[in-house]
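Below you'll find the structure, written out as structure tokens, and then a few comments.
Read the figures in this text as sums done on the coordinates, not as results from a lab. Fair warning: this is a prediction, and the values are worked out from it, not measured in the lab. Here the Cβ positions follow ideal geometry from the backbone for every residue, glycine too, while neighbour counts run over all protein chains shown.
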Amino acid sequence: MAELNTEERLAQAQQVLDPVVPYLMGESPLPGDRPRAEAFLANAPSLYGHQLPFEQILASMDIGVSAIQADPCFGGGYAWVAGCLYRIGFEDTDIYHEEALANALLWARLAVKIDPACRECWEALGEVYCFQRNFAEAEKAMGEVYRRWGDGDTYARLAFLFFRLQGDQEQAINWGALAWQQEWDTARLIQTLFALGQLYRDSGRTRQAANAYRVLCEHDHNSMWGHHFWAQCEFAEGNLQEASEINLKAIQLGGGHVMREFQETLKRAVGRAKLIGTKTRTVPPPPPAPTDGGATPGTVQSGNSSASRKITTKPGGNSSVSKRATPKSPVVPAPPPAAVVPAPPPISRVGAPPSPPPVGKVVAAPPPAASSKVQSTPPMRKGATTDSEDPPVKKQTRPLMRKPPK
């Protein structure tokens, strides 16, 4: 079945609203059973959450119509219908379809007109104006809330939305934290914490964002995106093992490709941290010697890679510790250099070639080695004397050739 667009959903919602449309057209309501009307809304499905299913919104709207029929003068029923109508046009976080907002504005104005003493009516009117970016009218609605009930939980929620949509992060964070402290409804608290966590992340306060998501997940154990964003904050803080366990919970709750891909990133980061932490030991350099007699900054470096943190401790200028002189540590002289031991002579080997002479020195060639065989003196010819200067004649050793036969 094809998904319905906003116009088709509003057409179905109009069929649910048909019994109470005459009051929107100007019919004067008559008082009814107020406790019964309030009981209808007390048992209705919550309207707070991220992108509620259309069927759930229609069921809630039907209960709002029942509350109006029980007591047409009860403004809470009209405010409930207005909240259902603009949620039908959900497009993105804090962004709703214009036609859905226009329909919701009609019922929110009727709620304030019929029952101005109902704070839910003013809250619904302020929400619609904020989502329409009509901040002037939204501020008037907030003024009525403050004038009637002070800066309680209703005003804190409206101020949180008002400043958040205007982009004033500091004011929005302040009012969001106050709304967190004063909220008593679990469903509204979860939505407040979700938006506040996003603001903390956008402003770079990942530790505060992690705390907000942690509290959110404590109230809603099935919040898939709450666990995933909590894991991202812990990863940014360097808590790799905690981030891996939290993101695994998000995957078990039905997380898709984005969360599984992030889990692989966490596995690689944990592996690198273990590798560096076990095989690489970096000894930090000694701190510089104090020059003014005061304490020097101390540095502590942990062995883990991505989880390593640098902690610098230095007493402040107004501290009594910084004013007190610290005795200098005694200077220990360096140890003497080790004695140089000459290299051993080369091993003498029989028949080994002599080592080459050093460069730059002329070495005389060694005398020829004496032969082990004693050469016999050739025989002297007859009549020769040893005093003769003529060389001796060698004896003919070649045999005489025989004459060839005739």
Margin query: For region 32-86, take the convex hull of the Cα atoms, compute a quarter of its surface area, and give me that in nm², please.
Written below: 3.2
Next item on the list: First select every other residue whose beta carbon is under 13 angstrom from the beta carbon of GLY64; then total the charges, Lys and Arg +1, Asp and Glu -1.
Entry: -3
Check: Sequence-distant or interchain residues sharing an amide H contact under 5 Å with PHE90, placed H: which?
Finding: HIS97
Next item on the list: Specify whether the C-alpha gyration tensor of region 1-150 places it in the rounded, prolate or oblate class, a ≥ b ≥ c being the square roots of the eigenvalues: rounded for a/c under 1.5, otherwise prolate if a/b is larger than b/c and oblate if not.
Entry: oblate
Next item on the list: Identify the trypsin sites (Lys or Arg not before Pro) of region 106-161 meeting these criteria: DSSP loop state and at most 12 other C-beta atoms within 10 Å of the C-beta.
Entry: ARG133
Checklist line | Spin-label pair ARG147/ARG260, simplified geometry with 7 Å Cα→Cβ offset, distance in nm | finding: 5.7
Checklist line | Estimated inter-spin distance, LYS140 and ASN222, nm [label 7 Å along Cα→Cβ] | finding: 4.2
